[in-house]
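No value in this document is a laboratory result; all are computed from the given coordinates. In this text the structure is predicted, and so the values were computed from the model without any measurement. Using ideal geometry, Cβ is built from the backbone for each residue, glycine included, and neighbour counts are taken over all protein chains shown.
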Amino acid sequence: MKKIIWLFPALLCLFASCKKNGSTPNNSANALSGSWNFTSLTSQTEASDEYNIGGDDFKDVTTSNYTSTDNAGTVNFSGGTAKSSGISYSVSTTLFLSSYEDNVLVDTTSSPFSSTVPSSGGTSTYKIIGTDSVFFAGGFVTSGDLTGGAPQPSTAIGYKFHVSGNTLIMTSAIAKDSIEDLGGVSTQVHEAASFSVTLTKQ
């Protein structure tokens, strides 16, 4: 099978289905207000597929770790609404693949990977909870294999944030489990990514 999966939480993951991750206090309920430049996205991803052929269990695990370059775009927080525009970035990284048969490692490979996320944007309402969490009612996301590269609706989300001077850092995670038919074989697929987005106040 060896389905290579690369996840890129685009649009700053403000509009992705994700889970809270990490904790860093923030003392101001209005800390997000204003316009911010998209500075970088750092992400760690892992994707696996598991299947059985002829009574043998197989598992392929693909991982990557990257920080985006050629970052562009802005995000504006105002009156409970977040609006992103012109968000784009590039990624150049290495994909690492480990293959297992009956829980025994049988092969490891690596390959270079690069991609450029085209300019995009979106809008979502939000609500700050406490001093370090924010809740988004919904919106859309472009997120690699999670969405097939196409914008689509998402569920409500929450994640942690921290503001220091003119820098805003947001952390979160996304995950998806599914059953797919790969080459006529029923395959259990798990995709996950944790990420940190950095914005700089205009």
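For Thr67 and His190, calculate 0.36 nm times their separation in residues minus their Cα-Cα distance, and state this gained length in nm to one decimal. Mind dumping the intermediate values first?
Working: separation 123, 0.36 × 123 = 44.28 nm, distance 2.23 nm.
Contour length minus the Cα-Cα distance gives 42.1 nm.
Simple spin-label model, 7 Å along Cα-to-Cβ: Thr109 to Thr125 in nm?
Result: 4.9 nm between the two label points.
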